[in-house]
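S.K.: Below is the structure I would like to discuss, written out as structure tokens.
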Amino acid sequence: KRIVILISGRGSNMEAIHRACLAEGWPASIVAVLSNKPSAAGLAWAAERGIDTVAIDHRAHADREAFDAALAEQIDRYQPDLVVLAGFMRILSAGFVRRYEGRLLNIHPSLLPSFPGLHTHQRAIDAGCKLAGATVHLVTAELDHGPIVMQAAVPVLPGDDADTLSARVLAREHVIYPRAVRWFVSDELEVQGDLVRHRHGEP
Ligand code: GRF
């Protein structure tokens, strides 16, 4: 299976997926890493490991649709079985999502459906939540929505600020995202409407 990963920054989730892919011998490989930010640190990391990288600066395109079309053109060169959004900080147009729906995953740093959008950790703290976490989901045209594949919950501790909470959540992201991607490339995911089941009954 061919995986393309989209990033906008450091790409720590990309690294975790790449490490698991090699260590666990997945029936898949990361064939390209693309970013909307030419300066994304994750591009250098991927290039050092011989993975194709492409930077498509969203500022060089007239509008969202033009950028998304340029992005899709580059993605399609790699004929991916799966497109992984990993710290990709762009809202994708409905046309783009439709093109990849069913083979497009994202990780969001909250327990969806709570706290879609930005600043999720601060919002969880401000709301007095005792649990926070991350969600891996199939991407649909509705932002931070879509069938949930896997979640991880962490405690919100007294004295937490957004930084301490995001670090605790990120550590769990690095566990659940590789596992969710492995399930996908191993054809162990069963999507029924808005629900996703794992074939072997794992929660
Ligand atoms: C993470 O909080 C992730 O939940 C969100 O982007 C942040 C950075 O991810 N999608 P990464 O380190 O670039 O993978």
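S.K.: Can you work out which of the residues in the stretch 144-187 that are among the hydroxyl-bearing types (Ser, Thr, Tyr) and within 14 Å of the ligand (Cβ to nearest atom) is surrounded by the most Cβ atoms within 10 Å (Cβ to Cβ)?
M.R.: That would be TYR177.
S.K.: Report whether or not GLY9 is part of a helix (DSSP H, G or I) and within 14 Å of the ligand (Cβ to nearest atom).
M.R.: In short, no.
S.K.: List pairs: first residue in the stretch 75-90 and more than 15 Å from ASP52 (Cα to Cα), second residue of a type in the set (D, E, K, R) anywhere in the structure, Cβ distance under 8 angstrom, at least six positions apart or on different chains.
M.R.: Note: pairs meeting the criteria are ASP81/LYS1; ASP81/ARG2; ASP81/ARG103; LEU82/LYS1; LEU82/ARG2; LEU82/ARG103; GLY87/ARG10.
S.K.: Another question, if that's okay. Any idea which residue in the stretch 68-94 is least open to solvent (accessible area, probe 1.4 Å), counting only those that are at pLDDT below 95 and farther than 20 Å from PHE184 by Cβ?
M.R.: If we take residues in the stretch 68-94 being at pLDDT below 95 and farther than 20 Å from PHE184 by Cβ, then SER93 is least open to solvent (accessible area, probe 1.4 Å).
S.K.: Contact list please: Cβ distance under 8 Å, first residue in the stretch 1-16 and over 9 Å from ILE30 (Cβ atoms) and among the basic types (Lys, Arg), second residue near the ligand (Cβ under 6 Å from one of its atoms) and open to solvent by 10 Å² or more (accessible area, probe 1.4 Å), pairs at least six apart or on different chains.
M.R.: Listed pairs, sorted by first residue: ARG10/GLY87.
S.K.: Turning to a different aspect of this structure: Does LEU43 qualify as being assigned to a strand (DSSP E or B) and either within 16 Å of the ligand (Cβ to nearest atom) or within 27 Å of GLU190 (Cβ to Cβ) (or both)?
M.R.: no
S.K.: Being farther than 15 Å from ARG168 by Cβ, away from the ligand (no atom under 15 Å from the Cβ) and of a type in the set (A, V, I, L, M) is the filter here; which residues of the stretch 109-134 pass it?
M.R.: Matches in the stretch 109-134: ALA127 only.
S.K.: Note down all Cβ pairs under 8 Å where the first residue falls in the stretch 94-110 and is on the phi > 0 side of the Ramachandran plot, the second is within 16 Å of the ligand (Cβ to nearest atom) and at pLDDT 95 or above, and they're at least six residues apart or on different chains.
M.R.: GLY102/LEU138
S.K.: Going through the stretch 12-39 one residue at a time, which ones are in a loop (DSSP other than H, G, I, E, B) and open to solvent by 10 Å² or more (accessible area, probe 1.4 Å)?
M.R.: Scanning the stretch 12-39 gives GLU24, GLY25, TRP26, PRO27, ALA28, LYS37, PRO38, SER39.
The values are calculated or read from the model by the stated rules, or taken from the named source; none is laboratory data. Quick caveat, the model's predicted, so the values are computed rather than measured. For neighbour counting, all protein chains shown are included, and Cβ atoms are generated from backbone atoms with ideal geometry for every residue, glycine included. The area values use the complete protein model at the heavy-atom level, side chains included, leaving out ligands, DNA and RNA. Shrake-Rupley method; radii C 1.70, N 1.55, O 1.52, S 1.80 Å.
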